[in-house]
Amino acid sequence: MIFSPSLDAVFGKSGLSFEQQVERCRELGYTSIEFWGWGGRDLNGLKALTERLGIQVGSFCTKNSDLVNPASRDLFLAGLRESIAAAKQVDCRFLIATVGNAREGVPRQEQHDSIVEGLRAAAPYLEEAGITLVLEPLNDLVDHRGYYLVRSDEAFEIIDNVGSSNVKVLYDVYHQQISEGNLISTIRANIGRIGYFHIADHPGRHEIGTGEINYRNVLAAIKEAGYTGFIGLEYMPLQGVDEGLTAFLKEYAE
């Protein structure tokens, strides 16, 4: 498994430049990084930096992913094509998509169908590029009030309806602990539908080991299920950045 610090989350208050954040991750022993938005990034500079350091870009977010609204589909697909080009520029194989907030007065089935149709339209672009789009359920209790896609079972149903191996689920353990629990059983039952993981502890979305989630067991279950991909560390540090990232590798990475 490849552990990948989220620069925006972990380094958000560090005062380090983007380049310094990438360098620090490599110095601390990480071979992958990720971030949220790619707009405004110097992608040529990032490509040169990752090649120099021997570090890879695990993922970043696609543009304009308001998938619950069919009227936004053309904008989503245009943003997707731009994001695919950006991903190829830095050798990134995963794009993250959210779906937008629930539309008041619109039946859930209609919004569900809009997400499926949008992802079906996206699939040929992803398949041609060899890039996987991972759809992220988020909790609406603490962090994302009003967000449409909360439960993992609906996310897995959407993926099944889309029917492309280049469209999968981003299973964020922190969000799903808040939304539904039942982490290990859900992961085991759906590992083939999961293309990416994010982790943070709850409550507080802080470092692994600061809250209620038994990450020794969760990470062991992910590994035992045969997963060998990226696990993004998307937490907001309580302690120093270096201390938290170093402690994680020491305590949880084999």
Which of the residues belonging to segment 63-73 are hydrophobic (A, V, I, L, M, F, W, C) and surrounded by fewer than 19 Cβ atoms within 10 Å (Cβ to Cβ)? Ala71
For Asn214, indicate whether it is modelled with pLDDT of 95 or more and either under 29 Å from Arg120 (Cβ atoms) or of a type in the set (Ser, Thr, Tyr) (or both). no
Hey, which of the helices (runs of 4 or more DSSP H) in segment 164-254, taking only ones fully inside, have at least 1 residues that are open to solvent by 20 Å² or more (accessible area, probe 1.4 Å) and in contact with a His (Cβ under 7 Å, 6 or more places away or on another chain)? 173-179
Mind checking which pairs have a first residue in segment 49-74 that is within 20 Å of Thr228 (Cβ to Cβ) and assigned to a strand (DSSP E or B) and a second that is β-branched (Val, Ile, Thr) and open to solvent by 20 Å² or more (accessible area, probe 1.4 Å), Cβ under 9 Å, 6 or more apart or different chains? Gln56/Ile2; Gln56/Thr31; Gly58/Ile2
Looking at Phe35, Phe60, Phe76, which one is open to solvent by less than 50 Å² (accessible area, probe 1.4 Å) and within 18 Å of Gly130 (Cβ to Cβ)? Phe60
Every residue from segment 38-53 that is of a type in the set (S, T, N, Q) and either under 14 Å from Leu233 (Cβ atoms) or loosely packed, with under 14 Cβ neighbours inside 10 Å (or both): Asn44
It is to be established whether one or more residues within segment 105-113 are of a type in the set (D, E, K, R), in a helix (DSSP H, G or I) and either under 18 Å from Tyr196 (Cα atoms) or open to solvent by 70 Å² or more (accessible area, probe 1.4 Å) (or both). yes
Only one of Glu154, Glu128 is open to solvent by 10 Å² or more (accessible area, probe 1.4 Å), assigned to a helix (DSSP H, G or I) and in contact with a His (Cβ under 9 Å, 6 or more places away or on another chain). Can you tell me which? Glu154
Over segment 79-102, the set of residues touching a residue at least 40 places away in the same chain (Cβ under 8 Å) and open to solvent by 30 Å² or more (accessible area, probe 1.4 Å) is Arg81, Lys88, Gln89, Asp91, Thr98, Asn101, Ala102
Out of all the residues in segment 170-191, is one or more touching a strand residue (DSSP E or B) at 6+ places or on another chain (Cβ under 9 Å), free of Cβ contacts under 8 Å to residues at least 60 places away in the same chain and among the basic types (Lys, Arg)? no
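The values are calculated or read from the model by the stated rules, or taken from the named source; none is laboratory data. The model shown is predicted, which means the values in this text are computed figures rather than measured ones. Note that each Cβ is placed from the backbone with ideal geometry, even for glycine, and that neighbours are counted across all protein chains shown. Heads up: the accessible areas ignore ligands, DNA and RNA and are worked out on the full protein's heavy atoms, side chains in. Shrake-Rupley method; radii C 1.70, N 1.55, O 1.52, S 1.80 Å.
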